[in-house]
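Bear in mind these aren't lab numbers, they're just calculated from the coordinates by the rules spelled out. The model shown is predicted, which means the values in this text are computed figures rather than measured ones. Cβ coordinates were reconstructed from backbone atoms using ideal geometry, including for glycine residues, and neighbour counts include every protein chain displayed.
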Amino acid sequence: MSAITRGNIKMALASVRSTKWRSMLTMLGVIIGIVSVVMVVGIGEGVKQEIAHQVGQFGKDLITVRPGKLKSNDGQMVSNTDLLFGLNSISGLTQSDLKTIQNSDHVRLAAPLAVVPGEVKAGNRKLDQSLVIATNSSLPEAINRSIPYGDFFSDKDENANVAVIGRHVAQTLFDDYVPLGQTFTFRGYTFIVRGMFDDFKTTPLSPSSNFNDAIFIPSKVAQKITGNSTQMYTILVKPDKPQNTDAAIQSIESKLLKAHGGQEDFSVLDQKQNLEASSGVLSLVTTMIAAIAAISLLVGGVGIMNIMLASVTERTHEIGVRKAVGATNRQILNQFVLESAVLSVLGGVIGVLISVAGVLLLRVYTNLKPVISWEAIVVATGASLIIGIVFGVAPAVKAARKDPIEALRHD
C-alpha cells in the first residue's frame, strides 16, 4: 500500500469521525441490507439443516409416495405441497393406491397418513388445532420410532377406537405426563389412549409434520367415522432390504402408473429426492426474500452518493487548496472514491456484527436454529463495497473536475 493510499484512508476515517451521526445515518441503508440478507439466508439454511436431520431420522431406506407430480426447477425438485410429507395437496392417494403399493415388489411395509378433520375434546379441555392422522400398525417401523409409553395399535385393533398421541397432546389435552387409558371424544366417538410417542424433532416451517401435536387412529376407524371420505396425503414405504430401495421404487412407479391409467399424477421419492423437494421450496422463498432485502443495499448506495455530493460542496475550498499545492485530478478522484468505500465497508462490518448477534439471539430465544452463512456474509459485504465505490464515483468526478481558482474563492 502506497503512502498516498494510506494518507487517503486516514483522511477518509478522519472525515467519518468528524461527522459521526451523519456518517452513521448514511451507513444505515447498508447496515439494514447486510443484516437482512445474512439473517434471511441464515434462517433458511438453518431450517434446511433441521429438515435434513428430521428426514434422516426416518432412515435412509424410507420411500415416500406423494400425490401430484413434482417438477424440476434448475436441478431442484419443487412441489406446491408441505415441506416434508406433502400435506395440503389438492388431491390425495386412495385405499386402492395403498393396496397397489403393498403388492409391489420388494415392499416390506406401507404406512398411510391421512388427516381426519374434527374437534378433539377431553372433559372440559379441547385441542384448538387438532391434527388427527389415520394410519396403520406399520407407522412406528416406517419412521423408525418406538413407543416408550404403552404400545401402538396392531392389525387386530384396526376396528377399535384406540389412539396413540404425541407428547404435546398429553400435556395440552390431558395435563398429564403419560395419560394412558384416558379417553377423548372425536366426531361423536370415544377413543382410548393406548400409547404415546416420545418427542419428535420438528421443523418450524413444516407444522403439519409436527407429530408431537398429532393423534393417530386406525385407518379403518377413520373410514367408518368419515363415510370413506379420507384421502392420504402420503404413504411411507420401507423395502424388504435397504439395497432394494431402487428396485422397490421402480416397481411402485410401474404399478401405480398402470393403476392410474397411464397418468403420472403421483411422485415416488427416495430420501435424497424427498430432501431436495423439501428444501427446494424453502430455497426459492429464501432467495426471493434475500433479493428483496438486498434492495436496502442499493438504497444505502444512494444515501452514500448523496452525502458524498454534499461533502464535495462543503469541502470545495479544501479541494482548491489541495490542487494549488500540486494534487492531480486523479488523486482527488481517488480520495473521494476511497471515502465512499470506507463508509460502505464500515457499514458492512457493523451489519455483519449485528447479524451474528441476531443469529445467536434467535438460537437462544426462539425455536428457529439459524446458522451463520459465511458465503452470505462475504457476498453481502463484497456487494456493499462495490456499491460504495460505484455510487461514490459521481461525487468523486465532480470533485476532481473543480477549477482550483474557483474552488479557492469558495467560502
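Observations on the structure shown:
- Between Lys99 and Lys69, the FRET efficiency from the beta-carbon distance, with R0 = 22 Å, is close to 0.55.
- Within straight-line cross-link reach of Lys369, aspartates and glutamates at Cα separation under 18 Å, skipping those fewer than 8 residues along the same chain: Glu45, Glu50, Asp199
- Scattering profile of segment 63-269 at q = 0.12 Å⁻¹ [log10 I(q)/I(0), Debye over alpha-carbon scatterers]: -0.62
- Amide hydrogen neighbours beyond the local backbone of Thr135, cut-off 5 Å, H modeled: Ile217, Ser219
- Across all C-alpha atoms in segment 110-160, the radius of gyration and Dmax reach 12.9, 37 Å.
- Over segment 63-269, Cα pairs under 8 Å with separation of 6+ residues give a relative contact order of 35 percent.
- Subset of Lys201/Lys255; Lys201/Lys238; Lys99/Lys126 violating a 24 Å alpha-carbon distance limit: Lys201/Lys255; Lys99/Lys126
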